[in-house]
Amino acid sequence: MNANPDVQHPAVSVIMPVLNEERHLRGAVQAILAQEYAGELEVVIALGPSTDRTDEIAAELVAEDPRVHTVPNPTGRTPAALNAAIKASRHPVVVRVDGHGMLSPNYIATAVRLLNETGAQNVGGIMHAEGENDWEHAVAAAMTSKIGVGNASFHTGGEAGPAETVYLGVFRREALEQQGGYNEEFIRAQDWELNFRIREAGGLVWFSPELKVSYRPRPSVRALARQYRDYGRWRHVVARYHEGSINLRYLAPPTAVCAIAAGLVVGAVLTPWGFLIPGGYLAVILAGSLPAGRGLPLKARLQIPVSLATMHMSWGWGFLTSPKSLARKVIASRRPAVRDSATA
């Protein structure tokens, strides 16, 4: 490895989109500032129109540490926040972190090493879901199980190697600038869409289980359903916008929704045999909940089937009901340019 310290430990900009994050913001920023990294570090928080104490906490963090800065994001939309933070940042390595994500202590040092070793344009790792109560423990178990999310390595782990996408991401700035930043029309799935463009341009996206970010699940059934409905809805937009970007894993939830709905109709109108389909699905998620819930309290284990069904059905419904007008809007939009603020 090159002994030049600017190569080994390049300056790093951490960008963070936040909206109503009073519960986790301080802890997330403190985890960044406490990183075991020898290079220069800055944190740029893009503030959406929060209705809680997020802005107040952010102002306290700015006053406490000169490495922390804020920029406004009046739209409140995540991709717009990310682009605003990228433009306001200045270093050659850009780390994306969410306001409820907690970096492991050597996350940045490991990511920079992997960028150097692999030549990747973006590296990322595991979305390590961790709950703080029984419901969140149940959702975390579902989100880290193959029955919940399939073989997505950034949820379930796996061997290091090239990937379609990774959780959050640690980017070379030039890769972000080459792609014009995030497409601001993608309210959801903007990470997947950006990584697809990076790969289409010949860049490497690299997954490593060495990288881990703790994630706090949604606090209620309704919030989880809304989250996964939006995931499915916008994943379908990506499929329309980028031909060839879909695979069987993404088709499983909408297929399950259609099969269960058909089984219920057939069972109610024609023959009770139709109920075998929803009954079989229920049996599968109940069986899958057993290994997923090992080591959890009983109340948490009992809620895993609810979280699994909520994730599957909401994602599938969102995918099926995603309006074509969203794709037309995305195609008609122009990606915002991200200036080279590192050399400006």
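The values are calculated or read from the model by the stated rules, or taken from the named source; none is laboratory data. Fair warning: this is a prediction, and the values are worked out from it, not measured in the lab. Every residue, glycine among them, receives a Cβ derived from its backbone with ideal geometry; neighbour counts consider all protein chains shown. We work out accessible area using only protein heavy atoms, side chains counted, and drop any ligands, DNA or RNA first. Shrake-Rupley method; radii C 1.70, N 1.55, O 1.52, S 1.80 Å.
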Tally of residues being within 18 Å of the chain's Cα centre (by Cα) and either in a loop (DSSP other than H, G, I, E, B) or surrounded by 22 or more Cβ atoms within 10 Å (Cβ to Cβ) (or both) across the stretch 239-249: 2
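Answer yes or no as to whether residue 116 is under 20 Å from residue 205 (Cβ atoms) and surrounded by 18 or more Cβ atoms within 10 Å (Cβ to Cβ).
Numbers: under 20 Å from residue 205 (Cβ atoms): yes; surrounded by 18 or more Cβ atoms within 10 Å (Cβ to Cβ): no.
Spelling it out, it is not the case that residue 116 is under 20 Å from residue 205 (Cβ atoms) and surrounded by 18 or more Cβ atoms within 10 Å (Cβ to Cβ).
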Residues being outside any loop (DSSP other than H, G, I, E, B) and at pLDDT 95 or above - total across the stretch 1-24: 7
Selection within the stretch 119-139 - touching a Gly at 6+ places or on another chain (Cβ under 7 Å), open to solvent by 10 Å² or more (accessible area, probe 1.4 Å) and either closer than 23 Å to residue 79 by Cα or among the hydrophobic types (A, V, I, L, M, F, W, C) (or both): 121, 126
Pair list, Cβ under 9 Å, 6 or more apart: the stretch 208-220 residue closer than 20 Å to residue 306 by Cα and at pLDDT 85 or above, other residue open to solvent by 40 Å² or more (accessible area, probe 1.4 Å) and not in a loop (DSSP other than H, G, I, E, B): 217/137; 218/226
Tabulated pairs, the stretch 282-308, first basic (Lys, Arg), second open to solvent by less than 80 Å² (accessible area, probe 1.4 Å), C-beta under 6 angstrom, 6+ apart or interchain: 299/134; 301/293
Residue in the stretch 233-249 that is free of Cβ contacts under 8 Å to residues at least 40 places away in the same chain and more than 20 Å from residue 165 (Cβ to Cβ) present: no
Filter result for the condition that a residue is aliphatic (A, V, I, L, M) and either in contact with a Cys (Cβ under 8 Å, 6 or more places away or on another chain) or surrounded by fewer than 16 Cβ atoms within 10 Å (Cβ to Cβ) (or both), over 296, 302, 308: 302
Residue in the stretch 49-65 that is of a type in the set (A, V, I, L, M), surrounded by 19 or more Cβ atoms within 10 Å (Cβ to Cβ) and under 18 Å from residue 170 (Cβ atoms) present: no
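Limited to the stretch 25-54, what total is found for residues that are acidic (Asp, Glu), outside any strand (DSSP E or B) and under 21 Å from residue 94 (Cα atoms)?
Taking the stretch 25-54 as the starting set, the residues that turn out to be acidic (Asp, Glu) are 36, 40, 42, 52.
From what's left, outside any strand (DSSP E or B): 36, 40, 52.
Filter once more, keeping what is under 21 Å from residue 94 (Cα atoms): 36, 40.
The qualifying residues number 2.
I'd like to verify a number: residues in the stretch 250-280 that are hydroxyl-bearing (Ser, Thr, Tyr) and either open to solvent by 50 Å² or more (accessible area, probe 1.4 Å) or farther than 15 Å from residue 314 by Cα (or both), how many?
Going residue by residue through the stretch 250-280, those that are hydroxyl-bearing (Ser, Thr, Tyr) are 250, 255, 271.
Now restrict to residues that are either open to solvent by 50 Å² or more (accessible area, probe 1.4 Å) or farther than 15 Å from residue 314 by Cα (or both): 255, 271.
Final tally of qualifying residues: 2.
Results for (1) touching a helix residue (DSSP H, G or I) at 6+ places or on another chain (Cβ under 8 Å); (2) over 22 Å from residue 174 (Cα atoms); (3) open to solvent by 20 Å² or more (accessible area, probe 1.4 Å), shown as yes or no for each residue.
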position	(1), (2), (3)
14	yes, no, no
19	yes, yes, yes
25	yes, yes, no
33	no, yes, yes
44	yes, no, no
72	yes, yes, yes
78	yes, no, yes
91	yes, no, no
101	yes, yes, no
Top-ranked residue of the stretch 170-219 - restricted to ones that are open to solvent by 50 Å² or more (accessible area, probe 1.4 Å) and among the small types (Gly, Ala, Ser), ranked as farthest from residue 75 (Cα to Cα): 202
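Looking at the structure I just gave you, is residue 143 within 18 Å of the chain's Cα centre (by Cα), more than 25 Å from residue 48 (Cα to Cα) and hydrophobic (A, V, I, L, M, F, W, C)?
Values: within 18 Å of the chain's Cα centre (by Cα): yes; more than 25 Å from residue 48 (Cα to Cα): yes; hydrophobic (A, V, I, L, M, F, W, C): yes.
Here the answer is yes, as residue 143 does meet what is asked.
For the condition modelled with pLDDT under 90, over 19 Å from residue 227 (Cβ atoms), under 15 Å from the mean Cα position of the chain (by Cα) and surrounded by fewer than 21 Cβ atoms within 10 Å (Cβ to Cβ), what is the one hit in 159, 164?
On the way: 159 fails: under 15 Å from the mean Cα position of the chain (by Cα).
Every option except 164 fails the conditions.
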Cross-chain or 6+ apart pairs with Cβ under 9 Å, the stretch 105-117 first and under 9 Å from residue 8 (Cα atoms), then among the aliphatic types (A, V, I, L, M) and part of a helix (DSSP H, G or I): 116/7
Selection within the stretch 129-139 - over 15 Å from residue 285 (Cα atoms) and small (Gly, Ala, Ser): 129, 131
Qualifying residue in the stretch 96-108 (condition: among the charged types (D, E, K, R) and more than 20 Å from the chain's Cα centre (by Cα)): no
